[in-house]
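Down below is the structure, laid out as structure tokens.
The values are calculated or read from the model by the stated rules, or taken from the named source; none is laboratory data. As the structure is a prediction and not an experimental result, all values here were calculated from the model. Methodologically, a virtual Cβ is constructed for each residue, glycine included, from the backbone with ideal geometry; neighbour enumeration extends over all protein chains shown. The accessibility values were calculated without ligands, DNA or RNA, using every heavy atom of the protein model including side chains. Shrake-Rupley method; radii C 1.70, N 1.55, O 1.52, S 1.80 Å.
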Amino acid sequence: KWPKDILGNDAIQSWFQSMLNESDKRSSTEPIVESEAEEVGMSDRQKLDSAFEPKRICLDGHKVRSKDETIIDNWLFSNGLVHAYDWEIRGKHGKMFCDFYIPAGARKRSHAVYIEYWGVRNNKAYEARKRKKLQLYKKLDILDQLIQLEPKHLKDLSSYLGAMLLDVAEIELK
């Protein structure tokens, strides 16, 4: 479903190859911080998938969990930005899944960027998970590569996300 000019982009192909090489190098003994859910046999990912299975299909074929994530994914796709949904971030301090990930090289001279959509309000468990994720972004030294979205930003996603992508990742929209 991706246009040929995106699929044929040298930077994107290079990124895909580096991801394949990285997964080959990753040791199965790499230290990972386990969540409380994993201690009882179910990962955070499995808990989330069982409670909120990705069912909404976006223009690019991604399956997401909410209407708001559909809006974000379709916006990224419509602006020709190669991206991943539910991307695993792994490092010596732990692992987590970001909502969206745009690789370095998505546009000429651009940097990698992570996007979190904080769409739930007044939920203690969700707020605790948000704090935990933000701490991990900081420990992994990628907090400066994070764009945080809230429901209020969806009203004018082009203005807000467009400006943030330029500021955080030097991604200029066409």
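Observations
- Karplus (6.51, -1.76, 1.60) ³J(HN,Hα), θ = phi - 60°, over region 115-122, in Hz, Gly and Pro reported as x: 10, 10, 10, 9, x, 9, 10, 6
- Surface accessible to a 1.4 Å probe, per residue, for the residues of region 41-167, Å²: 54
- Taking each residue as 0.36 nm, the span from LYS124 to LEU143 lengthens on full extension beyond its C-alpha to C-alpha distance by 4.6 nm.
- Taking other residues whose beta carbon is less than 10 angstrom from the beta carbon of GLU150, and scoring Lys, Arg as +1 and Asp, Glu as -1, yields 0.
- Normalised by residue count, region 54-174 yields a Cα convex hull volume of 104 Å³ per residue.
- Ranked by the mean number of other Cβ atoms within 10 Å per residue, highest first, peptides 156-162, 82-88 order as 82-88, 156-162.
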